[in-house]
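The structure follows.
The values are calculated or read from the model by the stated rules, or taken from the named source; none is laboratory data. Given the structure is predicted, the values throughout are model-derived calculations rather than measurements. All Cβ positions, glycine included, derive from the backbone under ideal geometry; neighbour counts span all protein chains shown. Surface areas here come from the heavy atoms of the whole protein model, side chains and all, with no ligands, DNA or RNA. Shrake-Rupley method; radii C 1.70, N 1.55, O 1.52, S 1.80 Å.
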Amino acid sequence: MGKRLKELIGRRSLLQAVTATGLLLGLGGIASWTSRRSAADPYLVRPPGGQDEARFTSLCIKCNRCTEICPEDVIVNAGVRDGPLVARTPRLDFSLGYCDFCMDCIVVCPTAALLPIRKSEAKLGIAVIMKDRCIPWQWGGCTRCYEKCPEKAIILDEFKRPIVVADKCNGCGLCKLVCPTDQLRSYKPGQTRGIEIERT
Ligand code: SF4
Ligand code: SF4
Ligand code: SF4
């Protein structure tokens, strides 16, 4: 074999090794990102009866029946950003609607991924005040979530700042829906609501 040919083969092997290593590192990174994201995303809140995440994801066939029937339009499809394993499963988006526990989604679910549950027992998640965004925690003047919460799960402190009473909150999301933070602070890029619903 000529010297030139040996050099070429050596360079090609090196290139292949570098490419393969890069690919493996990339795949490893993606795998660890997706598992971190789907395992820990606190904002991936499910419709009523889907709170056991492992059970829910093993039974949901992504048929969209719950999304279509929801009268409050609060159910959306999870995206690839939520993790490839949960993409297209139903999640609740409380910037679009809230859950009034009509239970229509449970009725149409063909696999019992959404288990029948009584409203009094349902707890979709829990409201958490984002103090860096909530208007009265920054300045003052808004009590909208306190006024609208159907469970009286929000109280006001001595400065009229909202506080969530965890035991009373069922995660319906009405507080987030009515929160005006993203409109009032729209001059700041990336502003969202002053309250979020985290899964429990
Ligand atoms: S219970 Fe009713 S309002 Fe709540 S997510 Fe299901 S269909 Fe929508
Ligand atoms: S999620 Fe529903 S019950 Fe909980 S604080 Fe908000 S409005 Fe009240
Ligand atoms: S509605 Fe939003 S901004 Fe107003 S008090 Fe509640 S969380 Fe804060």
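Looking only at the range 162-180, how many residues end up being open to solvent by less than 20 Å² (accessible area, probe 1.4 Å) and either part of a helix (DSSP H, G or I) or within 6 Å of ligand 2 (Cβ to nearest atom) (or both)?
Count: 6.
Same structure, new question: Given the structure, is Thr200 modelled with pLDDT of 95 or more and either away from ligand 1 (no atom under 16 Å from the Cβ) or crowded, with 21+ Cβ neighbours inside 10 Å (or both)?
In short, no.
If you scan the range 143-161, which residues turn out to be outside any helix (DSSP H, G or I) and among the hydroxyl-bearing types (Ser, Thr, Tyr)?
Thr143
While we're on this one: How many residues does the range 143-156 contain that are open to solvent by less than 30 Å² (accessible area, probe 1.4 Å) and either more than 17 Å from Val45 (Cβ to Cβ) or more than 22 Å from the chain's Cα centre (by Cα) (or both)?
Residues flagged as open to solvent by less than 30 Å² (accessible area, probe 1.4 Å) and either more than 17 Å from Val45 (Cβ to Cβ) or more than 22 Å from the chain's Cα centre (by Cα) (or both) within the range 143-156 amount to 1.
Say whether the condition of being closer than 30 Å to Lys62 by Cα and either touching a Phe, Trp or Tyr at 6+ places or on another chain (Cβ under 9 Å) or among the aromatic types (Phe, Trp, Tyr) (or both) is met by at least one residue in the range 125-145.
Taking the range 125-145 first, the residues closer than 30 Å to Lys62 by Cα are 125-128.
In the following step, the residues that additionally are either touching a Phe, Trp or Tyr at 6+ places or on another chain (Cβ under 9 Å) or among the aromatic types (Phe, Trp, Tyr) (or both) were identified as 125.
Yes, that holds for at least one residue.
If we scan the range 98-112, do we find a residue that is among the aromatic types (Phe, Trp, Tyr) and open to solvent by less than 30 Å² (accessible area, probe 1.4 Å)?
Yes, the range 98-112 contains at least one residue that is among the aromatic types (Phe, Trp, Tyr) and open to solvent by less than 30 Å² (accessible area, probe 1.4 Å).
Given (1) open to solvent by 40 Å² or more (accessible area, probe 1.4 Å); (2) within 27 Å of Asp52 (Cα to Cα); (3) hydrophobic (A, V, I, L, M, F, W, C), where does Phe159 come up short, assuming only one miss?
(2)
Does Ile126 qualify as being within 13 Å of ligand 2 (Cβ to nearest atom), of a type in the set (Val, Ile, Thr), open to solvent by less than 80 Å² (accessible area, probe 1.4 Å) and under 16 Å from Tyr43 (Cα atoms)?
Details: within 13 Å of ligand 2 (Cβ to nearest atom): yes; of a type in the set (Val, Ile, Thr): yes; open to solvent by less than 80 Å² (accessible area, probe 1.4 Å): yes; under 16 Å from Tyr43 (Cα atoms): yes.
Spelling it out, Ile126 is indeed within 13 Å of ligand 2 (Cβ to nearest atom), of a type in the set (Val, Ile, Thr), open to solvent by less than 80 Å² (accessible area, probe 1.4 Å) and under 16 Å from Tyr43 (Cα atoms).
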